[in-house]
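Asks: The structure follows.
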């Protein structure tokens with residue numbers, strides 16, 4: 001789990017925004033803990049008697065006696081008690097009995113608490129989805145199958161089997177079991193978030209005035225997205241072993257073949273040299289205002305494996321002013337672009353490597369950027385598929 005930092009429980013008035021009976025019901029399973037720390041939880045039906053100031057202090061100062069399940073519940077509720085989380089929770093419970101039972105006056109934290117008590121998996125899923133926007137680099141793998149097999153969303157049984165295979169690997173690699181795969185169909189892709197543990201960590205803490213150690217297993221989210229139009233999966237994971245695990249096991253459980261994603265997708269940066277500034281055209285891509293080339297890296301090789309890096313605020317404009325072109329020799333191994341999106345105040349950077357890695361400033365940009373890359377010939381084998 002991430003750091004236990006309850007920003008939205010930092011003031012008593014924040015707790016007062018939560019319906020009193022829901023807050024007490026949420027905390028009541030741990031009444032003995034609060035009593036030991038000097039706060040008696042009143043009965044739900046009692047109109048007063050809850051010391052919000054003292055309660056806030058306890059929540060902000062967890063210690064070694066804080067129950068693990070209380071800390072976990074508080075962490076998740078805190079993380080999704082935002083305007084974005086408020087809307088996402090409502091989307092998840094729409095049309096369910098939970099939605100019917102919750103009153104229309106629920107505030108964000110109040111809604112999160114009620115849904116957690118009814119079905120904690122809803123809150124866990126909403127929390128996991130927040131990690132989409134934090135991912136900034138992907139590696140791409142594709143299939144050689146032609147024609148592409150139809151893709152259907154995995155069933156609960158399929159996900160359980162996938163999680164069992166992932167757990168086996170994580171356990172052997174000392175990352176613990178209990179992985180969880182979340183599925184999010186959106187914008188023509190199917191996204192997968194894999195929640196799992198990292199190797200154990202140690203942190204020095206003070207307990208009863210003495211220095212001691214606290215051991216815990218940090219939480220990690222890996223992100224994958226499958227494009228059913230071109231049979232390509234992109235993934236963000238920390239190690240080569242995890243990427244190979246996902247390549248094989250997602251191929252096995254989604255398509256029945258561990259080697260389904262057997263090919264590394266490849267970015268080709270030669271259009272920058274072959275067609276020059278026309279490689280940056282974007283009038284045919286909805287959502288992009290302009291693209292500029294900011295940096296190019298050339299690999300010259302030789303005995304010393306020379307690499308040349310050229311940077312500019314606008315490289316093609318600079319080349320025009322000096323009546324120059326990109327060098328004819330040397331392999332272009334990396335390029336950085338500045339892309340201005342419609343509705344965005346400032347442009348954002350995108351970096352491509354000539355292998356299968358792309359780095360985005362925000363993952364929400366990925367679909368638009370990939371469409372542009374395909375149309376300009378930067379994606380090997382994309383052909384006209386990008387028009388879909």
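Quick note: the coordinates plus some simple rules give every number you see, no bench work behind them. Predicted model only: the values in this text are computed from it and were never measured. Here the Cβ positions follow ideal geometry from the backbone for every residue, glycine too, while neighbour counts run over all protein chains shown.
Asks: Could you tell me how many degrees, from 0 to 90 and to the nearest 10, lie between the Cα long axis of helix 156-172 and the main elongation axis, the longest principal axis, of the Cα atoms of the chain?
Replies: Roughly 90 degrees between the two axes.
Asks: Which value results for Rg/Rh of segment 7-131 when Rg is the Cα radius of gyration and Rh the Kirkwood radius based on the inverse mean 1/r?
Replies: 0.95
Asks: Need one number: convex hull volume per residue for segment 139-247, Cα atoms only, in Å³.
Replies: Working: hull volume 14.0 nm³, N = 109.
Per residue, the Cα convex hull of segment 139-247 comes to 129 Å³.
Asks: Do you know the relative contact order of the chain, to the nearest whole percent, from alpha carbon pairs under 8 angstrom that are 6+ apart?
Replies: It comes to 13 percent, rounded to a whole number.
Asks: Relative contact order for segment 7-131: what percent, with Cα pairs under 8 Å and sequence separation of 6 or more?
Replies: Relative contact order of segment 7-131: 30 percent.
Asks: Okay, moving on. On a 0 to 90 degree scale, rounded to 10, what angle separates helix 366-375 from the longest Cα axis of the chain?
Replies: Taking Cα atoms only, the helix is inclined about 10 degrees.
Asks: Give me the Debye-computed log₁₀ of I(q)/I(0) at q = 0.17 Å⁻¹ for segment 85-163, equal point scatterers on Cα only, no solvent, two decimals.
Replies: -0.86
Asks: Continuing with the same structure: Taking 45 Å as R0, compute the FRET efficiency from the Cβ-Cβ separation of residue 121 and residue 283 and round it to 0.05.
Replies: Using R0 = 45 Å, I get an efficiency of 0.50.
Asks: Give me 194, 181 ranked fewest to most by other Cβ atoms within 10 Å of their Cβ, as a rough exposure proxy.
Replies: Least crowded to most crowded, the residues run 181, 194.
Asks: What is the Cα coordinate range of segment 271-387 on the first, second and third principal axes, sorted by size from largest, in whole angstrom?
Replies: Principal-axis extents of the Cα atoms in segment 271-387, largest first: 45, 32, 24 Å.
Asks: Between residue 299 and residue 344, what is the label-point separation in nm under the 7 Å Cα-to-beta-carbon projection?
Replies: 2.8
Asks: Enter the Cα centre distance for the pair segment 97-129 and segment 250-278, rounded to the nearest angstrom.
Replies: After rounding, the separation between the Cα centres reads 40 Å.
Asks: Another question, if that's okay. Quote to one decimal, in nm, the extra length available between residue 262 and residue 202 on full extension: 0.36 nm per residue of separation minus the C-alpha distance between them.
Replies: Taking residue 262 through residue 202 to full extension adds about 17.8 nm, to one decimal.
Asks: Evaluate the distance, in nm, between pseudo-label points positioned 7 Å from the Cα of residue 37 and of residue 311 along their respective Cα→Cβ axes.
Replies: So the label points at residue 37 and residue 311 sit 4.8 nm apart.
Asks: Now a separate question. So what is the relative contact order for segment 271-387, in percent, with contacts set as C-alpha pairs under 8 Å and at least six apart?
Replies: 24
Asks: Quick one: 119, 19, 97, fewest Cβ neighbours within 10 Å first, how do they rank?
Replies: Numbers: 119 15, 19 20, 97 10.
Ordered from fewest to most neighbouring Cβ atoms within 10 Å, 119, 19, 97 come out as 97, 119, 19.
Asks: Follow-up question, since we're still on this one. For the chain, what does the helix formula give at 222 nm: sum of -39500 (n - 2.57) over DSSP H segments with n ≥ 4, over the residue count, nearest 500 deg cm²/dmol?
Replies: Calculated mean residue ellipticity at 222 nm is -10000 deg cm²/dmol.
Asks: Report, in degrees rounded to the nearest 10, the 0 to 90 angle that the Cα long axis of helix 68-80 makes with the longest principal axis of the chain.
Replies: 60
Asks: Can you sort 304, 127 so the residue with the fewest Cβ neighbours within 10 Å comes first?
Replies: 304, 127
Asks: Take the Cα atoms of the chain, find their three principal axes, and give me the spread along each one in whole Å, biggest first.
Replies: Sorted largest first, the three principal extents are 80, 48, 48 Å.
Asks: Multiply the residue gap between residue 184 and residue 48 by 0.36 nm, knock off their C-alpha separation, and tell me the result in nm, one decimal place.
Replies: On the way: separation 136, 0.36 × 136 = 48.96 nm, distance 4.28 nm.
Full extension of this stretch gives 44.7 nm more.
Asks: Return the distance in nm (one decimal) between the two label points of a simple spin-label model at residue 212 and residue 173, each offset 7 Å from Cα along Cα→Cβ.
Replies: Modelled inter-label distance: 3.3 nm.
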